[in-house]
């Protein structure tokens, strides 16, 4: 009976060891995935910022090309954009003065 009890304890102990190893393995995989998510989110934010900058540059290039010889409506759009930019500059100057 003591021998049977001992063998059961050994079996449970072995299963517990396997379970502990699997848990530690899963915990490491979870932490690695979590770190990867953090890196990917940072990369995504950087890419979004770059896309916004490139869109702005493309818009400015469009305005510049429209000022050189675009149609009447293109010229008016360019003037409107320049007026908006000037208002933004004026707001920034007002903020700096205050």
- Message: If you fit an axis through the alpha-carbon atoms of helix 2-69 and take the longest principal axis of the Cα set of the chain, what angle between them do you get, 0 to 90°, nearest 10?
- Response: 10
- Item | Separation of alpha-carbon centers, region 29-61 and region 9-27, rounded to whole Å | 40
- In Å, the C-alpha Rg and Dmax of region 2-97 are 31.9, 100
- Message: Taking the 0 to 90 degree range and rounding to the nearest ten, how far is the long axis of helix 72-97 tilted relative to the main principal axis of the chain, both from C-alpha atoms?
- Response: 70
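Taken together, the values in this text are just the output of simple stated rules run on the coordinates, not laboratory data. All values derive from a computational prediction rather than experimental measurement.
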